[in-house]
Each structure stands twice: as C-alpha cells, then as structure tokens.
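What follows is one structure encoded as structure tokens, with my remarks underneath.
The values are calculated or read from the model by the stated rules, or taken from the named source; none is laboratory data. Everything numeric here is computed off the predicted structure, so don't read it as measured data. All Cβ positions, even for glycine, are placed from backbone atoms using ideal geometry, and neighbour counts span all protein chains on display. Calculation scope for accessible area: heavy atoms of the full protein, side chains included, ligands and nucleic acids excluded. Shrake-Rupley method; radii C 1.70, N 1.55, O 1.52, S 1.80 Å.
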Amino acid sequence: MMEITFLGTSGSAPGKERGMPCVSLTRNGELFLFDCGEGTQMQMLKYGINGYKLKCIFLSHAHGDHIIGVAGLLRTLALNGRKEPLRIFIPRGYEHTVRSLVVFDKAVLGYDVEVSGVGQGSVYKGKDFEVFSFRLNHTIPTVGYLFRENDKLSFIKGKCEKLGIKGEMFSRLEEGKRIRVDGRSIGIRQVTLHKSGIKVAYVADTRPSANAAKAVLSADILIHESSYSSEQSGLASARKHSTSQEAATIAKRAKVKSLILTHFSTRYKSTEALEREARKVFPKTSAAYDGYTVKV
Ligand SMILES: [Zn+2]
Ligand SMILES: [Zn+2]
C-alpha cells in the first residue's frame, strides 16, 4: 500500500494555510518526495513524515519554489546522523542548481548525495517498482514523474487447492518452472491472476500536455498542478500553467481513476470553485490541502 501526503499545495509563494510544493509517497517503509519547496522539513514534522526513510527526491524543475527546501532538509538529515546515500533527480542541465543547494556553505553532510539529470524514460528502479519521467511544457525544462509498481501474479487459492499444489511447489512456479502434480504439467499462468501494479503520477508546472496524458495513461492517481480557475485562463497560458479545467481534461483523456489538484495560486482563498470547474469535466476530482493524505 502507498500513502501519499500533500506537504505543500501552494504555487510560487506560500499562503497562510498552504506551504510550498511537495508531495510525499511512503511505501514499504521507504519515503520519496516529489518536489521540495521551502519549508518542506517543517511540513514533514507537522504531518508526521519521517525523513529517516527518505530514498529519493524527484524534482520537476529548477524554479525556486520547487527546490529550495532541499538546502534545509539535507542539513537536518545530516544532524540526525544520516549515513544512507540520497538520490536527487532534476531535468538534465540543472544538476548544478541542486548541487549549489548542497554545497553552498561547505557543510559536511556525512552521506553521499547523488544528483542525476533526467529527460524522458526510466529514472529509478526499486525491487518491485520503477519511476519514469516525462517532459512537460513550462517556461524552463520541466518533467512529470510516474511511480509504477510492477505488475504481479497472485495465486488463485481454490484452484491451487483443487489441483493439489502445496509447499515449495509455489516457489518453483514463481521461479518460472513447470511442476507435475498427479501426472499433470502445470505452469504459473494456469493458477494465477494478473494484478496490475498501482500507478501514481505527479505533473507539476505545465500547460496541458499531450505528452503527459500519454505518460500517465490509466494511472490510479493523477496529481496535477492547477494554478488558476478558468477565469484566469489567459494568465495560465501566459505563465505556462494549467487551469483546473485543463488538468481535468488531461485526466479524462488519460482515463485515470482519480485526479487530485494542487499548486494553487495564492489569489484563491478557497479552492472550491476550481474543484467544481474540474468536476464538470472529470467528476473524480479533489482539491488537495496541506496534510491531505490518500492511501492507495
Ligand atoms: Zn511552481
Ligand atoms: Zn515553475
């Protein structure tokens, strides 16, 4: 199971109730951050996200509102005695921007920080999941990320019992070998169901992007920036952001299961209108707030 927590849901500048962009994803005792705006470490404390488990930070682009939190967070992890290496991803060509946040005061962190430039494709592989990046359309090179669990095969209990499959026969099947029971040859596909892995997509600053729609196809959760309401569509287009309706159009096109809006302009005291506009296009939409947590 994955737990997703919105640590900051404002865009560009903080609001009284909203911190700078950051979404955390916890799975099997590992923590991943998508963007790391200023104050991320405070939000982690506030919402009970344990930095000790942090494996990777996936940064969408090098605008300050999305990356400045890296400087403080890395130093606090060092004070807490971190020894594990940390990996940070950023669009290719901007690695030096992240490195400057790591080294500007010559702090001795005591653990390795590996900064990698990404374009489009696979960027990180875990034991049973993979993270992909894809290009977006913003004022500087920007990427979205797709966190995808590997598909699994699960044994059909009743069928296995009926056929007399037991004990180490299961591991032999899992190794791809065929087994013989009562003279019958059985392969794994005959006694299992295919279970698709969960897919969570993070799409930060961008104009509505056909490339993103393709990359996030049939995701369980699409997190999409929603800086403006349709009334400010001119601003969205000039500043290369999306309205909530445009985010919903991408969700519909990509046939995702649910859409969560984030990265709201500070001009909105309430996000109700943005949510309402998006729901007209894609009903399974919700507007995130700081501390909003979803389990999937
Ligand atoms: Zn932004
Ligand atoms: Zn930006």
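Brief remarks on what is shown
- Of the trypsin sites (Lys or Arg not before Pro) found in the range 44-146, those that fall in a DSSP loop while having at most 12 other beta-carbon atoms within 10 Å are 83, 106, 127.
- Filtered chymotrypsin sites (Phe, Trp or Tyr not before Pro), the range 44-105: DSSP coil and at most 13 other beta carbons within 10 Å: 104
- Sequence of 194, 138, 63 when ordered by accessible area, the most exposed leading, probe 1.4 angstrom: 194, 63, 138
- Euclidean distance of C-alpha centroids, the range 127-202 and the range 225-296, integer Å: 33
- Extension gain from residue 240 to residue 150, taking 0.36 nm per residue of separation minus the Cα-Cα distance: 29.1 nm
- Using a probe radius of 1.4 angstrom, the carbon and sulfur fraction of the accessible surface of the chain is 51%.
- Amide H to amide H distances under 5 Å link residue 206 with 242, where only residues 5 or more positions off or on other chains count and H is placed in the peptide plane.
- Shown is the FRET efficiency for residue 107 and residue 293, computed with R0 = 30 Å from the Cβ-Cβ distance and rounded to the nearest 0.05: 0.40.
- Within the range 223-249, backbone nitrogen closer than 16 Å to the virtual label 7 Å beyond the Cα of residue 13 toward Cβ: 228
- Here the chain carries DSSP beta bridges of which approximately 55% are antiparallel, counting only pairs with both residues inside.
- Calculated mean residue ellipticity, 222 nm, the chain: -6500 deg cm²/dmol, from DSSP H runs (n ≥ 4) at -39500 (n - 2.57) each, averaged per residue and rounded to 500.
- Heavy-atom accessible area per residue - the range 68-148, 1.4 Å, Å²: 50
- Taken per residue, the accessible surface of the range 153-192 reaches 73 Å², heavy atoms only and a 1.4 Å probe.
- Using a Förster distance of 22 Å, the FRET efficiency for residue 45-residue 92 (Cβ separation, nearest 0.05): 0.10
- Couplings 3J(HN,Hα) for the range 181-191, derived from phi with the Karplus relation 6.51 cos²θ - 1.76 cosθ + 1.60 (θ = phi - 60°), are 10, 6, x, 9, 8, 10, x, 4, 5, 6, 10 Hz, where x marks Gly and Pro.
- Rel. contact order, % - alpha carbon contacts under 8 angstrom, at least six apart, the chain: 17
- Residues whose amide H falls under 5 Å from that of residue 86, counting only those 5 or more places apart or on a different chain, are 112, 113, 114, with hydrogens built in the peptide plane.
- Spacing of the two label points (7 Å from each Cα toward its C-beta) at residue 52 and residue 217, in nm: 4.2
- Spatially proximal lysines relative to residue 177 (Cα-Cα < 30 Å; intrachain offsets below 8 disregarded): 125, 127, 152, 157, 159, 162, 166, 195, 199
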